[in-house]
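So the structure is just underneath, and the comments pick up after that.
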Amino acid sequence: MSKTGLVLEGGAMRGLFTMGILDTFLKNDIIINDVVGVSAGAAFGCNYKSGQIGRALRYNLKYCRDKRYCSTWSLVKTGDLFGAEFCYKTLPFELDPFDCEAYDKSPMNFWAVTTDVLTGKPVYQLINKVDDDCMDWIRASASMPLVSRPVTVGGYTLLDGGMSDSIPLSFMVRQGILRNIVILTRPRDYVKKPENLLPFKVGLRKYPAMVETMKNRHVMYAYQRSYVFEQEKRGNAFVLCPEAELDIGRTEHDPAKIQAVYDEGVKVAVKHLDEIKKFLSQQ
């Protein structure tokens with residue numbers, strides 16, 4: 001009997017849409033034991049493995065205007081737009097505790113996608129326990145280029161996984177997980193435009209392979225979306241995505257917009273709940 005996996009696209013604060021869906025899954029006892037997250041899909045999605053309904057929404061609402069969380073002040077002071085010390089130490093271990101025990105006990109396999117700055121290629125890390133490196137892998141997955149310092153962990157120097165593998169459905173298939181729910185944070189008709197390479201040529205001048213990866217990112221992304229929808233037509237994927245472009249910035253400071261995007265995820269999940277359960281029952 002084949003297993004069903006879960007693929008979580010990134011998208012910075014658009015990841016709150018994903019969390020509206022995942023919290024709805026948890027409330028309806030929908031647990032998928034093989035999950036891969038990219039960028040915000042990893043940073044927020046890890047709360048699905050720990051079973052913490054509402055946590056990602058809660059801390060984003062509370063700290064979205066805190067300069068330690070995300071601000072130009074943080075970028076200038078620390079080199080990270082999203083403050084590494086605050087986001088990955090103070091917040092999860094002091095202010096809004098991440099349930100490490102529940103995460104460790106969960107049978108769920110949780111992968112985070114990162115990008116090796118020396119090769120421009122994706123690196124996939126299985127994170128099934130909260131250890132000394134856990135948060136560094138998740139931080140690396142969500143470390144957006146130009147506004148984040150590369151993260152050194154596991155013998156790699158890494159940045160955002162979305163640069164090299166934005167929608168890692170093929171990765172899941174390579175693991176032998178042939179049926180997958182895919183959560184996208186862009187609507188079905190979205191087309192990514194080529195990047196303006198000048199900032200990357202300057203900001204990533206030490207890492208020419210990364211510049212090349214960004215040059216080709218829109219091509220990779222178009223191919224991946226095409227593959228996702230092809231798998232959907234074949235009955236191998238169930239795709240959940242916004243019905244229209246989400247009204248939220250990558251570094252959103254408006255709690256009302258954060259709540260609205262989360263609520264949109266809940267709405268989409270509830271709308272398709274019966275279909276999702278049917279898809280899962282057919283595995």
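The values are calculated or read from the model by the stated rules, or taken from the named source; none is laboratory data. Source: prediction; values computed, not measured. All Cβ positions, even for glycine, are placed from backbone atoms using ideal geometry, and neighbour counts span all protein chains on display. Just so you know, the surface numbers come from the protein's heavy atoms only, side chains and all, with ligands and any DNA or RNA stripped out. Shrake-Rupley method; radii C 1.70, N 1.55, O 1.52, S 1.80 Å.
In table form, for the structure just shown:
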| quantity | calculated |
| --- | --- |
| Under 30 Å between alpha carbons - lysine pairs in segment 31-148 that sit 8 or more apart or on different chains | 20 |
| For the chain, built as a Gaussian network whose Cα springs stay under 10 Å, the top-fluctuating residue of Asp66, Asp132, Asp104 | Asp132 |
| Peptide ranges 247-253, 177-183 listed from the most packed, as the mean C-beta count within 10 angstrom indicates | 177-183, 247-253 |
| Local net charge near Thr157, Cβ-Cβ under 11 Å (Lys/Arg +1, Asp/Glu -1) | +1 |
| Residue order for Glu101, Glu230 - accessible surface, 1.4 angstrom probe, largest first | Glu101, Glu230 |
| Surface/4 estimate of mean projected area, convex hull on alpha-carbon atoms of the chain, nm² | 13.6 nm² |
| Residue of Pro150, Pro168, Pro97 that the Gaussian network model of the chain assigns the largest fluctuation, springs spanning Cα pairs under 10 Å | Pro97 |
| Prolate/oblate/rounded label for segment 23-64 (Cα gyration tensor, a/c 1.5) | oblate |
| Over the chain: helical MRE at 222 nm, DSSP H runs n ≥ 4 each giving -39500 (n - 2.57), nearest 500 | -11500 deg cm²/dmol |
| Accessible carbon and sulfur surface of segment 168-255 relative to its total accessible area, %, 1.4 Å | 53 percent |
| Distance between segment 208-283 and segment 1-58 - C-alpha centres, whole angstrom | 12 Å |
| Kirkwood Rh in Å, taken over segment 232-277 so that all alpha-carbon pairs contribute | 12.2 Å |
| Percent of beta bridges antiparallel (DSSP, the chain, rounded to nearest 5) | 40 percent |
| Percent accessible area from carbon and sulfur atoms, segment 1-150, protein chains only, probe 1.4 Å | 51 percent |
| Cut-off 14 Å between beta-carbons: net charge of the residues surrounding Pro208, Lys and Arg +1, Asp and Glu -1 | +3 |
| Surface accessible to a 1.4 Å probe, per residue, for the residues of segment 2-140, Å² | 37 Å² |
| Using θ = phi - 60° and Karplus 6.51 cos²θ - 1.76 cosθ + 1.60, couplings along segment 33-49 (whole Hz; Gly, Pro as x) | 8, 9, 10, 10, x, 10, 6, 4, x, 8, 5, 8, x, 4, 5, 6, 5 |
| Highest-fluctuation residue, Val173, Val117, Val261 considered, GNM on the chain with Cα pairs under 10 Å | Val173 |
| Three semi-axes of the equivalent ellipsoid, segment 127-281, Cα gyration tensor, whole Å, largest first | 28, 20, 18 |
| Taking all pairs of distinct alpha-carbon atoms in segment 46-189, Kirkwood radius in angstrom | 16.3 Å |
| Segment 157-283 - accessible surface per residue (Å², probe 1.4 Å) | 51 Å² |
| Antiparallel bridge percentage (DSSP; both residues within segment 16-144; nearest 5) | 55 percent |
